[in-house]
Amino acid sequence: MNPTVRVATAITGDDEPALVSGLATVPGIDVVRRCADVTELLACAASGVVESVVVSAALRGLDAEALDRLRLDGVGFVVLTGRDEPEAAARLARLGVEHVLVSGGPPSVVGQALLAAHRSPGPALGHGQPRAALARPVPLTDPEPLDPGVGRVVAVWGPTGAPGRTTVAIGLAAELAGGGASTLLVDGDTYGPSVAQSLGLLDESSGLAAAARAADRGSLDLATLAGHAPWVGERLRVLTGVTRPDRWPELRAGSVRAVLELARSLATWTVVDVGFCLEQDEELAFDTAAPRRNGATLSALSVADVVLAVGSADPVGLQRLVRGLGDLAELRDEPPVVVVNRLRAGPVGTNPGRRVRDALRRYADVSHPVLVVHDQASLDAAMLNGRTLAEHGRGSPIRQALQDLVLRLAAGEPDRPREDQQLTV
């Protein structure tokens, strides 16, 4: 005898009574809750009261984040559209909804779809194996046209203390673009977004927030994403961050993830500057779905094919980096590529490269960090002119490490240095 699936409904319009009555006659279906809104529906899912839900596409608040919550709770869902709403079906397809039916159909068909959705609700964070995307060498030049979904995502993370995440992200994106690849630079920092200011761009509106809102509504497509990511150089686009840190709720985890996945079809490389904080314990303090300030960062890290962990070459910065690598290891199985920024003799003594390597090997089991020599004069000049180092600091030693990293990324081996790499200070 097949087990009974507990079902909740959240239906708008006049079809709700007939559907509920009809579902009561479908074998294997037990309607246990009739919800008035998305909040009640998500509460039922989170509490384990229901195992599958049927909901109207027109229900207020049914967006990418709500669907992601259902997936996280392992609840299957069927979405009903109006009889003359082809655009709703297209929107739901962009949101990854597998079971879409036209409202007013036979309850038996809805019941079978609910049973199928229960058996396979879909992965909540289904990103496959990110590093597997780097298994084959990736050319720096773009295919013509860019094949859908083949682009690579690089997340640039670092612990608290401003170790230079944004500097590395901007520099890396500029070098990738300079090497001939279309590149998208994304400011996903919800604490201190600064890509727009660093490049001399107006920050009156956030490109990433606008794209995330479109993803939330299911209206994000390639043309919309490109429209929110203006060109700032040859082959380099930018999605600017939130204009103020208190606007972080605009960057929902599911929406940011959808933006980055679509970015794979817009650019060969997507470089994401993310926030420092990796805490994900909001739900320990709330009885219902909690706001997640770090959701954008965690989504970027989960989507990324490779993560750069940036630390500063001084005793405090290295200690924070070592501790942060431990936190990062709890989120990703694959180790990050460690980048030590601001390498100089002052804080660590003579032969700083050897000292930093020895410390990381001893305390973090990191054998091949990327060492970025400090060059404050070039950074200041680039910041003053709102330019990248590739444009306004061509002779800077910082570019040597970034160009080496570009070659390693293109070869699909980001954690293997070149044999001839020699960095001295």
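FYI, it's all coordinate maths here, none of it is from the lab. The structure displayed is predicted, hence computed values, not measured ones. Cβ placement follows ideal geometry from the backbone for every residue including glycine, while neighbour counts extend to all protein chains displayed.
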Check your understanding: Expressed as an acute angle from 0 to 90° and rounded to the nearest 10, what is the orientation of the C-alpha long axis of helix 253-263 relative to the principal long axis of the chain?
Key -> 70
Point to revise | Relative packing of 195-207, 325-337, 292-304, which averages over residues the other C-beta atoms within 10 Å, highest first | key: 292-304, 195-207, 325-337
Revision key, fill the gap. Surrounding charge for residue 5, neighbours by C-beta under 11 angstrom, Lys/Arg +1, Asp/Glu -1, total 0
Practice item. Kindly express, to the nearest 10 degrees and within the range 0 to 90, the angle between helix 398-410's C-alpha long axis and the longest C-alpha principal axis of the chain. Key: 50
Practice item. Express as a percent, rounded to the nearest 5, the fraction of DSSP beta bridges in the chain (both residues included) that run antiparallel. Key: 5
Exercise for review: Determine the relative contact order of the stretch 276-391: mean sequence separation of Cα pairs under 8 Å and six or more apart, normalised by residue count, in whole percent.
Suggested key: 20
Check your understanding: If Lys and Arg each add +1 and Asp and Glu each add -1, what is the summed charge of the other residues whose beta carbon sits under 11 Å from the beta carbon of residue 34?
Key -> -1
Review point. At what distance in angstrom do the alpha carbon centres of the stretch 305-321 and the stretch 155-207 lie from each other?
Key: 17
Exercise for review: Using Cα pairs closer than 8 Å and at least 6 residues apart in sequence, work out the relative contact order for the chain, in percent.
Suggested key: 16
Exercise for review: Please arrange 273, 73 by counting, for each residue, the other beta carbons lying within 10 Å of its beta carbon, fewest first.
Suggested key: 73, 273
Check your understanding: If you line up the long axis of helix 207-217 against the longest principal axis of the chain, both from Cα atoms, how many degrees apart are they, to the nearest 10?
Key -> 20
Point to revise | Length-normalised contact order for the stretch 5-119 - Cα pairs under 8 Å, 6+ apart - percent | key: 30
Check your understanding: By its C-alpha gyration tensor, with a ≥ b ≥ c as the square roots of the eigenvalues, how is the stretch 5-119 shaped: rounded for a/c under 1.5, else prolate for a/b larger than b/c, else oblate?
Key -> rounded
Review point. What net charge is computed for the residues neighbouring residue 119, neighbours being all others with C-beta under 12 Å from the C-beta of residue 119, Lys and Arg scored +1, Asp and Glu -1?
Key: -2
Check your understanding: What's the exposure ranking of 259, 316, going from fewest to most Cβ atoms within 10 Å?
Key -> 316, 259
Check your understanding: What shape does the stretch 199-343 take by its C-alpha gyration tensor, where a ≥ b ≥ c are the square roots of the eigenvalues and a/c under 1.5 counts as rounded, a/b above b/c as prolate, and the rest as oblate?
Key -> oblate
Revision key, fill the gap. Most exposed to least, judged by fewest other Cβ atoms within 10 Å, 77, 276 sort to 276, 77
Study note, to complete from the structure: For the stretch 172-313, percent of DSSP beta bridges that are antiparallel (nearest 5) comes out at 15
Check your understanding: If packing is taken as the mean number of other Cβ atoms within 10 Å per residue, what is the order of 346-352, 317-323, highest first?
Key -> 317-323, 346-352
